[in-house]
Each structure stands twice: as C-alpha cells, then as structure tokens.
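Student: Mind looking over this structure? Questions follow.
The values are calculated or read from the model by the stated rules, or taken from the named source; none is laboratory data. Here the structure is a predicted model, which means the values were calculated and not measured. Every residue, glycine as well, gets a Cβ built from its backbone with ideal geometry; the counts of neighbours run over all protein chains shown.
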Amino acid sequence: MRKWTAEDVPSQRGRVAVVTGANTGIGFETAKVLAARGASVVLAVRDRDKGERAAARITGAASGAEVTVTHLDLASLKSVRAAAEELRAGHPKIDLLINNAGVLFTGKGTTSDGFELRWGTNHLGHFALTGLLLEKMLPVPGSRVVTVSSLGHRVRARIDFDDPRSERSYDRIAAYGRSKLANLLFTYELQRRLPGIGKTIAVAAHPGGAHTDLMRNAPASFRAFATIAGPLVQRPAMGALPTLRAAADPGVLGGEYFGPAGPGEIWGHPRRVSSSEQSHDLAVQRRLWTVSEELTGVRFPV
C-alpha cells in the first residue's frame, strides 16, 4: 500500500485554515505544510510572541505564504469568545478548523472558569471555539473540523458526569485520557448533527508517539519509555501527517479517525484507524454535548 505523505496534500490556495496551538510541535508542522500549499493560515496561540516567531519561520521557509496570528487561550472562555469574534470579523469564511492545542501532563490546575485544566482546555475550549466559528464554515463546501485526539483516549478514560470539575477525585493520567476521549465523542456527535453531503464534516486524528513539548511534564515512567522507544517515536513532522490527512485528503469522510499505520499506532504513515468502544457510545456522546453546551454557554448552529 502506498504511503501517504505531506506531498499528497493538494493545493490549498483560496482556503482559510485556523490551527490552534500552532507555534510549536505538531500544530506548527501542520500549519507549515498548509501554508506552503497556499492556504491562508491563522496560528491561534496563547503566547502571541511565540506565535509571531512561528509565523516568521513559516513565511521564511515558503515564499509568499500567508500567515497571521490570533491570541487564543483555550483555558479561558472569555479568550475563546474574543478570538472567535476576531476570526469571524477578519474572515468571510473558514475552510479548516484544526483543534490541535492541548495540555498533557502538567500538574493539577484549573482554567479561569474553574474547570479541571485538561478537561477545560483540551475539550471545553475547543468545543466552544468550534461552536462559535461554525457559522463561518457551514456554507463552505468541503470545510472540515479536525480535532486531535490521542492514544491516551484508551487509558483510564471515563467521562464522570457527576464530577465534571474533578473536585472529588483527580489523577492527571486519567484526566488527560478523559479529555482525549471527549475529543472523539465530540467529533462523532458533531458529525451526526452536521447537514450532510458536500458540506462541513468533522474528522479526528492522533499523532501516535511524537517528540513534542507536551512531554516535558510527563511522569518519569512516560519519559523513561520515550527514551527507550526513541527510535519508534516520531518527529513532529511525521506526527502531523494524520492531522494533515484528516484535513486535506479529498477521500476523507465525516466521522473518520486517522493515526499512524505502524505497530500500536505509535509510528508510521497515516491511515484510517479505530477508536475505543466507549468513544462510540451514542448516549455518552449526546450527554457530553448537552453538558458541554451548559458548561460553556455555547450553542451550535446545527
């Protein structure tokens, strides 16, 4: 079977792509390829200075690339609303929204709205951003919402609707797994609510094992594994390929999930993969949607 690479990304000229967390790692590599293919790319980042430096690196590597920066702190619903307002005002349409940014193994913390940090950033922040931008995507043929999940969605992941703020119990590995499971539940439920053929679709991806800045706060056991498995752990450019395929492959269908083709989906070129049985639970998908709307105050135009 032929291996899918960044060279397979078709021309993106005339398209507008918003990539969260695009100043480094997988988000940066995703934005770089899209810009090189002609997309007008928005780096939606928490640190504007780092975003501007990342934009300069992209434009320096690809002559004529169009890259702008928008401030976005997914751990603040106020910031999410401000970023969405700026993006809606600055762009008559949005073709791609890539929900890439994430918090991995930082210590226990809360968002400015009082949610557990991983849950509030990885899921609720992206849920709200998508809902606030979707009206700019629905009229655009071929537009896509791509949300980046993780192999971690299978690890001690369970949505506890009785304790959405993790006030009664907390474990950072379980909290991360829960947020990545929520990314998939959200993608599948969004796809079911979208209008249909030829319009916006929702797709998910995961990078496998990749060397990124997210690992800097990982538990010692995870860092030790990454050291031992070094030859199998991908560089960010390879880790970005599943996201790029989900975003740009003309053959992608709504509700699909992409990850590396190698053993354990840790490394390799991207292909369609499966997610956990729990992620396909319709009742959990619908309940998560309702709870997320209540917690964020964002209603989707679908």
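Student: Only one of S40, S76 is more than 23 Å from V103 (Cβ to Cβ), of a type in the set (S, T, Y) and crowded, with 17+ Cβ neighbours inside 10 Å; which?
Tutor: S40
Student: Moving on to the next point. Looking for something farther than 19 Å from M137 by Cβ and crowded, with 19+ Cβ neighbours inside 10 Å - is there at least one such residue anywhere in segment 55-64?
Tutor: yes
Student: Considering only residues that are assigned to a loop (DSSP other than H, G, I, E, B) and of a type in the set (V, I, T), look in segment 246-301 and name the one that is nearest to L185 (Cα to Cα).
Tutor: The residue in question is V273.
Student: Would you mention how many residues in segment 22-47 are among the polar types (S, T, N, Q) and part of a strand (DSSP E or B)?
Tutor: Matching residues across segment 22-47 total 1.
Student: Further, regarding this structure: Based on this model, can you work out whether V148 counts as within 23 Å of R245 (Cβ to Cβ) and either surrounded by 21 or more Cβ atoms within 10 Å (Cβ to Cβ) or among the β-branched types (V, I, T) (or both)?
Tutor: So V148 passes the test.
Student: Name the residue, out of V80, V19, that is part of a helix (DSSP H, G or I) and either under 18 Å from the mean Cα position of the chain (by Cα) or not aliphatic (A, V, I, L, M) (or both).
Tutor: V80
Student: Take segment 84-141 and flag every residue that is touching a strand residue (DSSP E or B) at 6+ places or on another chain (Cβ under 8 Å), crowded, with 16+ Cβ neighbours inside 10 Å and among the β-branched types (V, I, T).
Tutor: Residues satisfying the conditions are I94, I98, T130.
Student: Separate question: If a residue must be surrounded by 14 or more Cβ atoms within 10 Å (Cβ to Cβ), among the small types (G, A, S) and under 17 Å from V203 (Cα atoms), how many such residues does segment 262-275 contain?
Tutor: Number satisfying all stated conditions: 1.
Student: Further question: Quick one: how many residues across segment 246-271 are at pLDDT below 95 and among the β-branched types (V, I, T)?
Tutor: Summing the residues that are at pLDDT below 95 and among the β-branched types (V, I, T) in segment 246-271 gives 1.
Student: Can you pull out the helices (runs of 4 or more DSSP H) entirely within segment 140-245 that have at least 3 residues that are aliphatic (A, V, I, L, M) and modelled with pLDDT of 85 or more?
Tutor: 172-193
Student: Do you know which of the residues in segment 52-77 that are part of a loop (DSSP other than H, G, I, E, B) and in contact (Cβ under 8 Å) with a residue 12 or more places away in the chain is nearest to E116 (Cα to Cα)?
Tutor: A75
Student: Another question, if that's okay. Looking at segment 86-102 only, could you name the residues that are within 16 Å of L129 (Cα to Cα) and in contact with a helix residue (DSSP H, G or I) (Cβ under 8 Å, 6 or more places away or on another chain)?
Tutor: Within segment 86-102, L87, R88, H91, K93, I94, L96, L97, I98, N99, N100, A101, G102 qualify.
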